[in-house]
Amino acid sequence: MASSTSLLFSVFTVFSILFFASSSEDNIPATITIPLTSTFTSKLSTEPMTNPLVKTSLFPHSYGGHTIPLSFGTPPQKLSFLVDTGSHVVWTLCTTHYTCTNCSFSDAAPKKAPIFNPELSSSSKILGCRNPKCVNTSSPDVHLGCPRCNGNSKNCSHACPRYRLQYGGGASSGYFLLENLNFPAKTIHTFLVGCTTSAARLPTSDGFAGFGRTMFSLPMQMGVKKFAYCLNSHYYDDTRNSGKLVLDYSDGKTKGLSYTPFLKNPPDFPFYYYLGVKDIKIGNKLLRIPSKYLAPGSDGRGGLMIDSGFAYGYMTRPVFKIVTNELKKQMSKYRRSLEAETQSGLTPCFNFTGHKSIKIPPLIYQFRGGANMVVAGMNYLLMSRLETSLVACLPMVTDAGNNTMEFTPGPSIILGNSQHVDYYVEYDLKNERLGFRRQTC
């Protein structure tokens, strides 16, 4: 989350900022004895691909994310990673020194959390200050963390400064490694991966696979031209029912997709996938959302981003009010469940007890280029049992009620993963567009 934003997300949010410590010390644990890299070529792996499509399973989880298995190191160490199109760094829980404070997952204790141990890998190397990747991953003040180092220095033995990633109220901190990523049918050498040694207030022990629009995200490092996924519903959370992630190296066009272009990113948020949305409908009712909320401004305010790492989505309070007021009108035949709203903190909530059939209007995003994404009621409302009653609540996150800002920094709308369940969603990186079609996943 951007430091200037006052949003408090109730689930694991996607706003992430990469910033580096300015200390002159390397801060690498003393027991880590793997090599330090110097210079290298920044080219991606040129190994030939016998199959232009690489597929892997994608599993839904109750904390709101979907994960893939990835294997790093020599020999490979297999771990689980959250697929997050709202962030740009790949990192994993790392070393036997890993700690996580105030974390909500059951295996937060270092001895129980699944970790990557670089000391057990013959291919692990700590990213050094002289490595061009260090400069490209860091802030303009990288020289503060690399004393006496510059591009012409031949005697620099310092490690690249530690990273610190902010995720709403949570954080992850560690140092960068260059390592082998052993993906099905392809091995990427000198893959940049974060070795997180300390974290705070995280809801999962999974690592993060950033899929954002920067050079060190997973798809960019793998050199794919597009990637796609088909997500299972969160009703299958923490089971072996899985969707699919597809990495595509081909130039071919995928059949049956509707496309909308990616928009130019504002400087403060270079790795988000912004989409051009013209308006939003509830059922047949056009909501006429003010245009300032629908496109990102140069100051980083406004716009809609799509995010696979955020469960239910976000709307800034003025947009949230427009949407919920219309939803309440169209759902007026159902009694409001004030008890569910009080217990959950969500609003509005509806009680369906006594109704033989339930009709929920779709939430429709009208995108530039003529593409419409129709979100079924069961994918934007959260169904649950309250004692003997069947209730449904809108789990959309919005700004705190005491927030006096009319227009908060960052995107005004986040299209969370539950809203594109049972869609085949393709991120066409080469042509800078998003494609999608309805599909049972």
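The values are calculated or read from the model by the stated rules, or taken from the named source; none is laboratory data. Keep in mind it's a predicted model, so treat the numbers as computed, not measured. Neighbour counts run over all protein chains shown; Cβ positions are idealised from the backbone, glycine included. Keep in mind that these areas ignore ligands, DNA and RNA; they rest on the heavy atoms of the full protein, side chains included. Shrake-Rupley method; radii C 1.70, N 1.55, O 1.52, S 1.80 Å.
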Positive-end residue of Leu231, Asn265, Leu275, charge dipole of region 217-346 with Cβ unit charges: Leu275
Charge sum, other residues only, whose C-beta stays under 13 Å from Phe59's C-beta, Lys/Arg counted +1 and Asp/Glu -1: -1
Selection from Tyr312, Pro362, Tyr424 lying farthest towards where the dipole of region 283-437 points positive, charges on Cβ: Pro362
Average accessible area per residue (Å²) across region 261-397 - probe 1.4 Å, nucleic acids and ligands excluded: 45
Ser157 - accessible surface, heavy atoms, 1.4 Å probe, Å² rounded to 10: 80
Rounded percent of accessible protein surface that carbon and sulfur make up, region 183-303, 1.4 Å probe: 51
Spread of Cα-to-Cα distances over 10 Å intervals beginning at zero, given as percent, for region 286-385: 12, 42, 33, 12, 1, 0
Greater than 31 Å apart at Cα, pairs in Lys133/Lys255; Lys112/Lys244; Lys292/Lys430; Lys78/Lys264; Lys244/Lys333; Lys133/Lys186: Lys133/Lys255; Lys78/Lys264; Lys244/Lys333
Region 351-396 - percent of accessible surface contributed by carbon and sulfur, probe 1.4 Å: 53
Highest average packing first - 317-324, 93-100, 208-215, Cβ atoms within 10 Å: 208-215, 93-100, 317-324
Estimated FRET transfer efficiency (Tyr249, Met215; beta-carbon r; R0 22 Å; 0.05): 0.80
Heavy atoms of Asp238 accessible to a 1.4 Å probe, total area in Å² rounded to 10: 90
